[in-house]
Amino acid sequence: MKKINDEALIKRIGLAVHEGQKPLLEAIKNPKIRDIALACGRRWRKTYSVGYIAFRELLKPNRKIWLVAPTSDLTQKTFSYVIQNVVKLFEPGEYKVTSKPYTKLVMANGSWLECKTADNPVSLIGEELDLLIIDEAARIAPMIYERELAATTMPRKGRTVFISSPKGKNWFYEKFKQIEKSDDGFVWNAPSSDNPDNSPEELERIKKTLPEAIWKQEYLAQFVDSGAEVFRNIREIVLDKELCYEEPIPTHRYILGVDIAKLNDWTVLTMLDKQSHKVVAWDRFQRVDYPIQNNRIASLAKKYNNARIILDSTGGGKVLNDFLTREEGLIIDDFNFSNKSKINLIDKLGQYIENKSVFIPNEPVIINELEVFGLDYTDGGTLIYSAPVGMNDDCVCSLALAVWGLNSTKVRREAPAYIGAKKEERKIEKIKKKKIHR
């Protein structure tokens, strides 16, 4: 195939290019650039940009392309734009669209584009790609890229495009900085103001309604220390599992935070020691019938000295509460989730984490959920706490429910028995010395 004339192609499909997109379009012409990272503000037109990159690659023969996003809805927006362009240049018999098991576009020249979602890691194994596009990369768990996606472009020496709105300084930020330093990479900060459709007056109006950190992150496409992310000092409260997990101590009291699964979520049990503020036991499971969930919760609570249970009572929690109240010796506090109650719950957890007054095991799923958990504003201006689209916050909520039962950020540190014995020995020795001097 002859070299693609991007100017002619863009004109033919009617793509409106603003000034902020031009450096990206120049970068994709360079075959030496293997990795591209774009940090985009809201309504920058990243969907059209990604769609054009994918469409352009499809024009080459025998190309394999994946479009990966946190959810299928996000992939479909870009996929629809690719189809719009294909229809402008090709007859129906020159391409085919299928939807099972995943949405896929196959071209007559042997090239294809397939949509994938990051919530199904098994589906991301084994393919060799010429182009990998990761949309809303900051909202995808880092282990998904590291374990499943990173190797897909190796055999064919393909290109990877990371494109996302920033979400604090998480793995997308680290990847952005890594590519920025590489000889075969291209990065671009793309603020919302690049798009002429976003008038300066409207942007200024929105700016006045938002905290500065969120404005910088969501509209200026800047990586900030405290924007959408809620918790700070997370890595400083992580303990090795062997130091965190422990069997119940007879003189200690415990709190069990229980977040109940909803649809495709997970039920998470977090056992917290009221004295040491350590997570001493933790469990996570999904698609388990209520009677079995009841037995797991009750057994764990009874094992840890009839721990006080703070239970998510919304949805399935009401059913489990009925089961658990029939168990003897269990103390159950309901917590009904609403936007207001969740704000109070998360604010308390944030206080404990920032003060290093709670300690969690080195479980990647817990750490990742805490790191990407964010705050956002609805179109009506309401503050909400939630996980990014396509990700869960079950571990966060379970931990927060356990911390809800704590009364003070002060951690009680008990002295080992041998220390007390040595103190007593020193006291006796002092008395003996006094008698001798007399």
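The values are calculated or read from the model by the stated rules, or taken from the named source; none is laboratory data. If you're wondering where the values come from, they're calculated on a predicted model, not measured in any experiment. With ideal geometry, Cβ positions are generated from the backbone for all residues, glycine too; neighbour counts draw on all protein chains shown. Accessible surface areas use protein heavy atoms only, side chains included; no ligands, DNA or RNA. Shrake-Rupley method; radii C 1.70, N 1.55, O 1.52, S 1.80 Å.
Only one of the listed residues (Val50, Val97) is modelled with pLDDT under 95, part of a strand (DSSP E or B) and not small (Gly, Ala, Ser). That residue is Val97.
Scanning segment 265-284 for residues that are touching a strand residue (DSSP E or B) at 6+ places or on another chain (Cβ under 7 Å) and over 20 Å from Asn362 (Cβ atoms) gives Thr267, Lys274. Taking only segment 230-254 into account, find how many residues are part of a helix (DSSP H, G or I), open to solvent by less than 40 Å² (accessible area, probe 1.4 Å) and touching a helix residue (DSSP H, G or I) at 6+ places or on another chain (Cβ under 8 Å). Of the residues in that region, 2 qualify. Based on what the data block shows, is Ile144 in contact with a strand residue (DSSP E or B) (Cβ under 8 Å, 6 or more places away or on another chain), among the aliphatic types (A, V, I, L, M) and either surrounded by 14 or more Cβ atoms within 10 Å (Cβ to Cβ) or assigned to a helix (DSSP H, G or I) (or both)? Taking the combined requirement at face value, the residue does not satisfy it. Taking the criterion of being among the hydrophobic types (A, V, I, L, M, F, W, C), under 30 Å from Phe373 (Cα atoms) and either free of Cβ contacts under 8 Å to residues at least 24 places away in the same chain or out of contact with any Phe, Trp or Tyr (no Cβ under 7 Å at 6 or more places or on another chain) (or both), the residues of segment 107-132 that qualify are Ala118, Val122, Leu124, Ile125, Leu131. Would you tally the residues in segment 152-205 being open to solvent by less than 70 Å² (accessible area, probe 1.4 Å), of a type in the set (Ser, Thr, Tyr) and over 11 Å from Arg34 (Cα atoms)? The qualifying residues number 6.
Taking every residue in segment 376-401 that is open to solvent by 10 Å² or more (accessible area, probe 1.4 Å) and pairing it with any residue that is at pLDDT below 65 and outside any loop (DSSP other than H, G, I, E, B), at least 6 positions away or on another chain, the pairs with Cβ-Cβ distances below 7 Å are Leu383/Tyr377. Part of a helix (DSSP H, G or I), touching a Leu at 6+ places or on another chain (Cβ under 9 Å), open to solvent by 70 Å² or more (accessible area, probe 1.4 Å) and in contact (Cβ under 8 Å) with a residue 40 or more places away in the chain: is that true of Arg56 in this structure? Answer is no for this residue.
Which ones in segment 279-315 are hydroxyl-bearing (Ser, Thr, Tyr) and either assigned to a loop (DSSP other than H, G, I, E, B) or open to solvent by less than 10 Å² (accessible area, probe 1.4 Å) (or both)? Those that are hydroxyl-bearing (Ser, Thr, Tyr) and either assigned to a loop (DSSP other than H, G, I, E, B) or open to solvent by less than 10 Å² (accessible area, probe 1.4 Å) (or both): Tyr304, Ser313, Thr314. Of the residues Asn407, Asn344, the single one that is at pLDDT 85 or above, assigned to a loop (DSSP other than H, G, I, E, B) and farther than 30 Å from Ile292 by Cα is Asn407. When we screen Gly93, Gly20 for residues that are small (Gly, Ala, Ser) and open to solvent by less than 10 Å² (accessible area, probe 1.4 Å), the only hit is Gly20. Applying a threshold of 7 Å to beta carbon distances and a minimum spacing of six or more residues, or different chains, the list of pairs starting in segment 236-265 at a residue that is under 14 Å from Asp283 (Cα atoms) and at pLDDT below 95 and ending at one that is in a helix (DSSP H, G or I) and of a type outside the set (A, V, I, L, M, F, W, C) reads Val258/Ser398; Asp259/Asp394; Asp259/Ser398; Ile260/Gly316; Ile260/Gly317; Ala261/Gly316; Asp265/Asp394.
When segment 252-264 is filtered for residues that are of a type outside the set (Lys, Arg) and either closer than 18 Å to Val411 by Cα or touching a strand residue (DSSP E or B) at 6+ places or on another chain (Cβ under 8 Å) (or both), the ones remaining, listed by number, are His252, Tyr254, Ile255, Leu256, Gly257, Val258, Asp259, Ile260, Ala261.
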